[in-house]
Amino acid sequence: MKFFGLISNNAHNKSSKGISNLHIESLTVLCGALNNLLTLVNTLFMSVPKSQVESICRNQYPPRPCGGGWYLIDSKRCAKYVKLSKTYQRAEVIQTPAPVPTLGGHLVSMHNKDDYSNVLCLALRTTNDRKVFWTGAYYSYAWRDRSPFNFNRWFVGQPDKLVDRCVQMNYGDWGSWDNTKCWSKKFFVCARAI
Ligand SMILES: [Ca+2]
């Protein structure tokens with residue numbers, strides 16, 4: 001299955017409990033080398049031509065309408081790309097036409113390559129561009145809908161500044177994530193239960 005964006009690397013998060021300092025130093029060197037290797041591998045996924053992304057979306061993630069401009073992104077949720085430029089806070093409570101939380105929804109969360117790809121393809125079909133938009137991620141490790149933060153597609157070097165608490169997608173590459181200032185205004189994707 002073709003992937004958009006970048007491969008996350010959690011190798012350096014493995015526990016080193018009970019391991020000597022020498023081994024920790026060795027592991028640190030090994031992790032650094034692995035990071036460098038993964039960075040090299042990741043570059044293979046960068047700068048994918050728009051035509052190729054469109055082809056993947058057309059063939060593997062075609063639109064599945066829920067009605068009213070909402071589209072299935074997994075077996076339980078429909079999502080809507082909202083072409084209103086809003087701050088992160090305003091995007092979370094915006095009328096679409098009822099407030100998204102009232103609909104049982106929030107800014108979109110993503111938990112695997114398929115719902116992530118459906119969100120990316122929804123955005124591409126709506127804007128015909130790689131325009132950045134708000135996701136439901138904030139503080140770089142939580143979702144607005146309080147679902148587990150068990151998936152990510154950070155761009156190289158992201159997340160960076162702790163003060164940049166809100167997460168945009170399509171930063172730097174197709175589907176890649178970046179933490180940025182919540183008060184900046186962007187289009188956004190909402191999701192709600194079916
Ligand atoms: Ca950032």
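FYI, it's all coordinate maths here, none of it is from the lab. Since the structure is predicted, the reported quantities are computational estimates derived from the model, not experimental observations. Positions of Cβ are generated from backbone atoms using ideal geometry, with glycine treated the same way; all protein chains shown enter the neighbour counts.
Here's the picture: charge each Lys and Arg Cβ at +1 and each Asp and Glu Cβ at -1 in the range 50-193, and of L84, T180, S147 the one pushed furthest to the positive end of that dipole is L84. Kirkwood hydrodynamic radius computed over the range 50-193 comes to 14.9 Å, based on all pairs of distinct alpha carbons. Arranged from fewest to most other beta-carbon atoms within 10 Å of their beta carbon, I56, I73, I194 become I194, I56, I73. Full extension of the segment from K161 to Q52, taken as 0.36 nm per residue of separation minus the current Cα-Cα distance, would add 36.0 nm.
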